[in-house]
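Have a look at the structure below, then the notes.
The values are calculated or read from the model by the stated rules, or taken from the named source; none is laboratory data. None of these values were measured; they are calculated from a predicted model. Don't worry about glycine lacking a Cβ; one is built from the backbone with ideal geometry, like all the others, and counts go over all protein chains shown.
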Amino acid sequence: MKYQLIFWMLCATTVILVIGIFVMAGSIKAILKSRERSINSKKENGSSNNLLKTILALIGTGFASSAFAAGKDAPSPIFEPNLMDVIGVVTVNLILLFVFLYFKHIFENLAQELLPAKSTKERSAWFKLNKVLVDAVEIEHEKDILMDHEYDGIRELDNNLPPWWKWGFYATIVFAITYLSVYHVFQVADLQIAEFERSNAEAEIEIAAYKKAQNLNVDENTATLMTEASDLKEGKSLFTKNCVSCHGPDGAGGIGANLSDNYWLYGNDIKNVFSTIKYGANNGMRSWNDDFNGVQIQQISSFIIVNLQGTDAPNGKEAEGDFYEKVAQ
């Protein structure tokens, strides 16, 4: 009995506060609407202070929305509102809201004291988090979410999405935040293009190390004439498989230049011949850089210089280029 008066006072206060909040919201709406309509009108009393305007707004403009419903000929508001009026109304709304929340808190404490305590099971922190995130219904409470319709004795539950689906969705959010932080905000890891370029650079280093280990790292600047029989034999084999279609089996020429005379378009030393085979030439000679490694180009070049140059193969193609003495072995 001693709490009945407090209870009904709290209920009445709650109703008044709710009505006040709705009235104040309507006041803000009315003020904002009347701003444009009265922007060109003059004030009858320019010395009116902001406090008086705010009081008038709370009393009068709470009912202004009905006046606007009458059409464009409706009377203008009591005064011309400005920014301070809006700030004042918003402030009152916020105060009312905080008062309402404060009384709500008091009412909940009072209700807990008056009403009998419910027997609740102790729940772990994980259970509470899972309950908040997935809103799953426990098996013993499924009767509360049974739907009305029934088919062949089967009734349907009004369940939310499955917990595994929701956890998967939350995982994508965590992944997105992590990815954004790692790759774009803090830039801890490389993006795809940077990673691709880095991988290429590492591959180039590995290729160069392999060539060096296999003695394949030979170019036009380091090439030397090879005179060992095994190297010349390998050079002849490569020449026969790849070069005779243009230069002939004995180097007499055809589509390509005559390699058996002493006239050369691009020079007859090992570096010039190596460079011509590797990069090709303007007369139609294509590049063989992708077909042979450095040692193989060096072997073919050495075979041409040692075994073909100066042999003057029969039915050879006419001379092209400049005359060069055969390189001493």
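General remarks:
- Residue match in region 157-172 (condition: within 30 Å of ILE139 (Cβ to Cβ), in contact with a strand residue (DSSP E or B) (Cβ under 9 Å, 6 or more places away or on another chain) and modelled with pLDDT under 90): yes
- When GLN299 is tested against the conditions (1) in a loop (DSSP other than H, G, I, E, B); (2) in contact with an Asp or Glu (Cβ under 6 Å, 6 or more places away or on another chain), the lone failure is (1).
- ILE177 being without any contact (Cβ under 8 Å) to a residue 60 or more places away in the chain and either more than 26 Å from TRP126 (Cα to Cα) or not assigned by TED's automatic domain parsing to the domain that holds ASN130 (or both): no
- Pair list, Cβ under 8 Å, 6 or more apart: region 201-221 residue touching a residue at least 40 places away in the same chain (Cβ under 8 Å), other residue exposed (fewer than 12 other Cβ atoms within 10 Å of the Cβ): LEU216/TYR210
- Output for region 153-174, where each listed residue is charged (D, E, K, R) and in a helix (DSSP H, G or I): LYS166
- Residues that are in contact (Cβ under 8 Å) with a residue 40 or more places away in the chain, farther than 17 Å from GLY235 by Cβ and among the small types (Gly, Ala, Ser), drawn from region 259-295: GLY267
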